[in-house]
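Student: Below are the structure tokens for one structure; questions will follow.
The values are calculated or read from the model by the stated rules, or taken from the named source; none is laboratory data. Since the model is a prediction, treat every value here as computed from it, not as a measurement. So basically every Cβ, Gly included, is an ideal-geometry build from the backbone, and we count neighbours across all protein chains shown.
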Amino acid sequence: MPLVRTVLGDIDSSALGVTDAHDHLLIRSGLVLTMEPGFRLDSVDVAVREVRDFQKFGGQALVDTAPLGFGRDPEGLVAIARQTGLHVIACTGFLKPGYYLDSHWRNHYSTEEIASLLSDEIERGMDQHGYEGPLVKRSAARAGAIKVASDYQVVDRRARVAFEAAVIAHRATGAPILTHTEIGTMALEQVKLLELLGVQPAHVVLSHVDRNPDWIVHRDVAQTGVFLEYDGAGRAVREPPETNCRATRVEIELAARPEYSIAQENT
């Protein structure tokens with residue numbers, strides 16, 4: 001049976017139950033908070049209260065999609081999981097290049113070096129400070145997915161390096177790949193790139209595709225066999241409803257499938 005790597009250890013995918021496939025429990029530091037102060041989420045206690053509200057309506061698992069450099073807090077995620085019993089799946093990897101300074105190490109390390117760092121977060125434990133250095137303080141909590149991202153209407157050189165490193169780490173660990181599409185753009189291009197690099201579609205989840213209201217794109221991406229994530233329903237403050245597609249019963253049923261969440265083959 002497929003396994004899911006949570007911050008408290010591996011579980012069988014059948015134990016996931018109702019899963020929030022894309023959310024943020026904690027965002028505590030990073031350039032992102034200079035660019036987007038409203039993104040700050042720095043209270044474990046508040047997160048615990050909100051998780052319990054989610055659990056009242058049947059929620060049992062959540063994918064926290066904060067990657068490296070995005071204020072991720074492994075020990076905070078562990079505390080939330082222990083206090084609530086929620087299955088929390090954490091991510092390693094990167095968000096879109098614009099959230100990192102030109103001096104950030106992701107822009108200077110080789111693809112193989114980046115891949116090794118990602119693999120270590122999955123197999124050995126996440127660095128509590130997101131590899132911001134100079135010391136690595138590795139948590140016992142391990143990442144369960146690899147996140148990569150492109151920017152609006154472009155997959156640039158920096159993004160491509162991140163995709164290539166993610167694929168190497170995926171092959172080494174079996175962890176699935178979750179992507180960020182900026183306003184739903186470059187979805188098909190991401191899929192084609194991952195296919196070119198040898199990733200099977202069943203191991204790929206694309207986020208935010210509902211922000212692009214072009215149903216032809218949705219059809220073409222869905223036909224590749226990857227999973228499409230419709231996650232914009234709660235973002236009306238930042239994005240007006242008319243720019244978001246509406247999830248249908250089909251998408252809702254897909255989201256409830258265990259393999260839609262962060263599942264790994266048991267090796």
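Student: So if I check each of Ile89, Ile11, which one is crowded, with 23+ Cβ neighbours inside 10 Å, closer than 22 Å to His203 by Cβ and either in contact with a helix residue (DSSP H, G or I) (Cβ under 6 Å, 6 or more places away or on another chain) or of a type outside the set (Lys, Arg) (or both)?
Tutor: Ile89
Student: I'd like to verify a number: residues in region 203-225 that are in contact (Cβ under 8 Å) with a residue 40 or more places away in the chain and either part of a helix (DSSP H, G or I) or surrounded by fewer than 19 Cβ atoms within 10 Å (Cβ to Cβ) (or both), how many?
Tutor: Residues flagged as in contact (Cβ under 8 Å) with a residue 40 or more places away in the chain and either part of a helix (DSSP H, G or I) or surrounded by fewer than 19 Cβ atoms within 10 Å (Cβ to Cβ) (or both) within region 203-225 amount to 0.
Student: Looking only at residues in region 1-15 that are assigned to a strand (DSSP E or B) and not hydroxyl-bearing (Ser, Thr, Tyr), which one is farthest from Asp127 (Cα to Cα)?
Tutor: Asp12
Student: Give the residues of region 60-79 that are farther than 24 Å from Leu31 by Cα and either surrounded by fewer than 19 Cβ atoms within 10 Å (Cβ to Cβ) or touching a helix residue (DSSP H, G or I) at 6+ places or on another chain (Cβ under 6 Å) (or both), sorted by residue number.
Tutor: Gln60, Ala79
Student: Quick one: how many residues across region 16-46 are in contact with a helix residue (DSSP H, G or I) (Cβ under 9 Å, 6 or more places away or on another chain), assigned to a helix (DSSP H, G or I) and modelled with pLDDT under 95?
Tutor: Counting residues in region 16-46 that are in contact with a helix residue (DSSP H, G or I) (Cβ under 9 Å, 6 or more places away or on another chain), assigned to a helix (DSSP H, G or I) and modelled with pLDDT under 95 gives 5.
Student: Let me ask something else. With the structure loaded, tell me whether Thr92 is closer than 20 Å to Tyr230 by Cα and not in a helix (DSSP H, G or I) or whether it fails that test.
Tutor: The answer is no for Thr92.
Student: Separate question: Could you list, in sequence order, all residues of region 47-67 that are assigned to a loop (DSSP other than H, G, I, E, B) and within 20 Å of Val4 (Cα to Cα)?
Tutor: At the first step, the residues of region 47-67 found to be assigned to a loop (DSSP other than H, G, I, E, B) are 57-58, 65-67.
Selection gives Gly58, Thr65, Ala66, Pro67.
Student: Evaluate region 164-180: report whether one residue or more is at negative phi, outside any loop (DSSP other than H, G, I, E, B), of a type outside the set (Lys, Arg) and in contact with a Phe, Trp or Tyr (Cβ under 7 Å, 6 or more places away or on another chain).
Tutor: The answer is no, given that none of the residues of region 164-180 is at negative phi, outside any loop (DSSP other than H, G, I, E, B), of a type outside the set (Lys, Arg) and in contact with a Phe, Trp or Tyr (Cβ under 7 Å, 6 or more places away or on another chain).
Student: Can you tell me which residue among Asp102, Asp120 is surrounded by fewer than 19 Cβ atoms within 10 Å (Cβ to Cβ) and more than 17 Å from Thr65 (Cα to Cα)?
Tutor: Only one candidate passes the filter, namely Asp102.
Student: (1) among the aliphatic types (A, V, I, L, M); (2) surrounded by 14 or more Cβ atoms within 10 Å (Cβ to Cβ); (3) out of contact with any Lys or Arg (no Cβ under 8 Å at 6 or more places or on another chain): which one isn't true of Met35, the others all being true?
Tutor: For Met35, the failing item is (2).
Student: So, one more: Would you check which residues across region 183-202 are surrounded by fewer than 20 Cβ atoms within 10 Å (Cβ to Cβ), touching a helix residue (DSSP H, G or I) at 6+ places or on another chain (Cβ under 9 Å) and part of a helix (DSSP H, G or I) and list them?
Tutor: Those that are surrounded by fewer than 20 Cβ atoms within 10 Å (Cβ to Cβ), touching a helix residue (DSSP H, G or I) at 6+ places or on another chain (Cβ under 9 Å) and part of a helix (DSSP H, G or I): Ile183, Leu188, Glu195, Pro201, Ala202.
Student: Residue by residue through region 137-157, note down the ones that are surrounded by 17 or more Cβ atoms within 10 Å (Cβ to Cβ) and either more than 21 Å from Glu195 (Cβ to Cβ) or in contact with a Lys or Arg (Cβ under 7 Å, 6 or more places away or on another chain) (or both).
Tutor: Across region 137-157, the qualifying residues are Ser139, Ala141, Arg142, Ala143, Gly144, Ala149, Ser150, Asp151.
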